[in-house]
Amino acid sequence: MTVLGLTGNIAHRLVQQYRRLSRLGRPGFRRKGNHRIRGGASTQLVHPLTINENQPALNVCVRLAPRAQPSFGQQFGNPDTLRIIHGYRFYPPTMLSYRHAFHAGNHADILKHLVLTLCLKHMNAKDKPWLLLDTHAGAGLYAIDSEPAKKTGEYIEGIARLWNRSDFPSSMAPYMAALQACNGGSKLRYYPGSPWLAAHLARGIDSLRFCELHSTDFALLRREFKDEGRRVKVEQADGFEAMKAALPPPSRRGIVLIDPSYEIKSDYPKVVSAIKDGLKRFATGTYVVWLPFLPSIEARSLPEKLKKLQADWIYAGLSVRGPATKGHGMSGSAIFVINPPWTLKSDLEASLPWLAHVLALDDKAGWSVQVSAGESAQAVDR
Ligand SMILES: C[S@@+](CC[C@H](N)C(=O)[O-])C[C@H]1O[C@@H](n2cnc3c(N)ncnc32)[C@H](O)[C@@H]1O
């Protein structure tokens, strides 16, 4: 028997489990899409075999029959929380199969983490404590020789190109030093995620709050910071929601890193509304948002929406190749920083030409930096 490309015992198990699902979900068992259950929530059921495999095609969703809803509520509590039923994992509506381990150390990580490092360094210039809220934290630290990293090889055209270079601009020194500290030797073995970098730069007085929804990455993240004590709070929580409770920080100094995978389109409007709300609670906070360069209307319109938020901003982009056409991956990415440190613009203008040169995949690679107040700082192709 062959099912969805799987054979033998695994295929048999899959069929058995589909049958069980159809009983559980009667009468609304379907293969794809999120399904609403009473109360407006929806539940996505992902077959265990798909987990860690990035195979959304195998995702299975179940609509709970009206009869099943009360017992779902009683037995499993809040449907927004990950639950395991009959060996199946129910994810909250927004949870998809994205794992950052497949992408760690690529060009987008380099841009994002360079900016994060520069912002945190700037915060450290004063003695007052700061808070870093990482709304989409991932696993925290990634092994370069892991199966996911080897499978995509994205780090090879990313961080591996920087590893042995010593001719980087001085503005990149804090980021390169953190990378060295993470690896602690001459061999590139690890790539530090945003939580690792933040913890590396945080002082004893600072606080870190990391949110991650994916159960596997949450477990890895929690393990990574298990000895950190009260300085670090790791939560399996929706990062957009966490902004409401965390802002403003008691010290009134803080950075919110918003780094969704944008696997679902609702992430785009959520970024805008979360920052709008965040600015009401904490108007002087620094908000660092990562955005992909993709041809979709949602991706292309996000920067314009952020520019309208009545705050100072810097918008910096790094392309490693010509614009993506439909069906192709990202050509680059950008960082949008609201209330940026005053040093950020010049640091980026010093770093990005070098990065665009070293990371270029074709002759369309380039960079740009724009700032608010109608003043376009530069838009320079390599
Ligand atoms: C791009 S990765 C994060 C990478 C990380 N910030 C870094 O730079 O190392 C996005 C992560 O967000 C998680 N995620 C997706 N939606 C979320 C949400 N609403 N709240 C918290 N985490 C979420 C995904 O499971 C994924 O691990």
Restricting attention to segment 87-103, does a residue exist that is within 14 Å of the ligand (Cβ to nearest atom), touching a strand residue (DSSP E or B) at 6+ places or on another chain (Cβ under 8 Å), in a helix (DSSP H, G or I) and modelled with pLDDT of 50 or more?
-> yes
Mind listing just one residue for me: the one in segment 267-303 that is polar (S, T, N, Q) and at pLDDT 95 or above and, of those, nearest to LEU114 (Cα to Cα)?
-> THR286
Of the residues in segment 255-283, those that are over 22 Å from PRO341 (Cβ atoms), among the aromatic types (Phe, Trp, Tyr) and assigned to a loop (DSSP other than H, G, I, E, B) come to TYR262
Matching entry among CYS182, CYS211 (being surrounded by fewer than 19 Cβ atoms within 10 Å (Cβ to Cβ), within 13 Å of the ligand (Cβ to nearest atom) and in contact (Cβ under 8 Å) with a residue 24 or more places away in the chain) | CYS182
Evaluate segment 153-160: report whether one residue or more is crowded, with 21+ Cβ neighbours inside 10 Å and on the phi > 0 side of the Ramachandran plot.
-> no
Exclusive hit being hydrophobic (A, V, I, L, M, F, W, C), touching a residue at least 60 places away in the same chain (Cβ under 8 Å) and either surrounded by fewer than 22 Cβ atoms within 10 Å (Cβ to Cβ) or away from the ligand (no atom under 13 Å from the Cβ) (or both), set ALA237, ALA242 = ALA242
Failed condition for LEU302, given (1) under 16 Å from ASP134 (Cα atoms); (2) crowded, with 22+ Cβ neighbours inside 10 Å, with all others met?
-> (1)
Conditions (1) more than 15 Å from the ligand (Cβ to nearest atom); (2) touching a helix residue (DSSP H, G or I) at 6+ places or on another chain (Cβ under 9 Å); number of the one not met by GLY229 = (2)
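Quick one: which of LYS233, LYS270, LYS265 is more than 26 Å from GLU154 (Cβ to Cβ) and charged (D, E, K, R)? Outline the logic, then answer.
Values: LYS270 fails: more than 26 Å from GLU154 (Cβ to Cβ); LYS265 fails: more than 26 Å from GLU154 (Cβ to Cβ).
When all the criteria are applied, what remains is LYS233.
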Does LEU131 satisfy the condition of being more than 21 Å from GLU263 (Cα to Cα) and touching a residue at least 60 places away in the same chain (Cβ under 8 Å)?
-> yes
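I'm trying to understand the selection: among the residues of segment 132-152, which are surrounded by 13 or more Cβ atoms within 10 Å (Cβ to Cβ) and more than 16 Å from the ligand (Cβ to nearest atom)?
First pass over segment 132-152, keeping only residues surrounded by 13 or more Cβ atoms within 10 Å (Cβ to Cβ): 132-144, 146, 148-150, 152.
Answer for segment 132-152, where residues must be surrounded by 13 or more Cβ atoms within 10 Å (Cβ to Cβ) and more than 16 Å from the ligand (Cβ to nearest atom): just LYS150.
Just to be sure before I move on: is PHE168 within 12 Å of the ligand (Cβ to nearest atom) and aromatic (Phe, Trp, Tyr) in the structure I sent?
Values: within 12 Å of the ligand (Cβ to nearest atom): no; aromatic (Phe, Trp, Tyr): yes.
When the stated conditions are applied, PHE168 does not pass them.
Each row is one residue, and each column tells you yes or no for (1) closer than 24 Å to LYS305 by Cα; (2) among the hydroxyl-bearing types (Ser, Thr, Tyr); (3) out of contact with any Leu (no Cβ under 6 Å at 6 or more places or on another chain); (4) modelled with pLDDT under 95.
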site	(1), (2), (3), (4)
SER331	yes, yes, yes, yes
ASP347	no, no, no, no
ALA350	no, no, yes, no
VAL358	no, no, yes, no
ALA365	no, no, yes, no
VAL380	yes, no, yes, yes
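Among the residues that make up segment 186-206, is at least one of them within 16 Å of the ligand (Cβ to nearest atom), crowded, with 17+ Cβ neighbours inside 10 Å and among the charged types (D, E, K, R)?
First pass over segment 186-206, keeping only residues within 16 Å of the ligand (Cβ to nearest atom): 190-202.
Those still in the list that are crowded, with 17+ Cβ neighbours inside 10 Å too: 190-199, 201-202.
The next check asks that each one be among the charged types (D, E, K, R); those that pass are none.
No - not one qualifying residue is present in segment 186-206.
The values are calculated or read from the model by the stated rules, or taken from the named source; none is laboratory data. All of these numbers come straight from a predicted model, not from anything done at the bench. With ideal geometry, Cβ positions are generated from the backbone for all residues, glycine too; neighbour counts draw on all protein chains shown.
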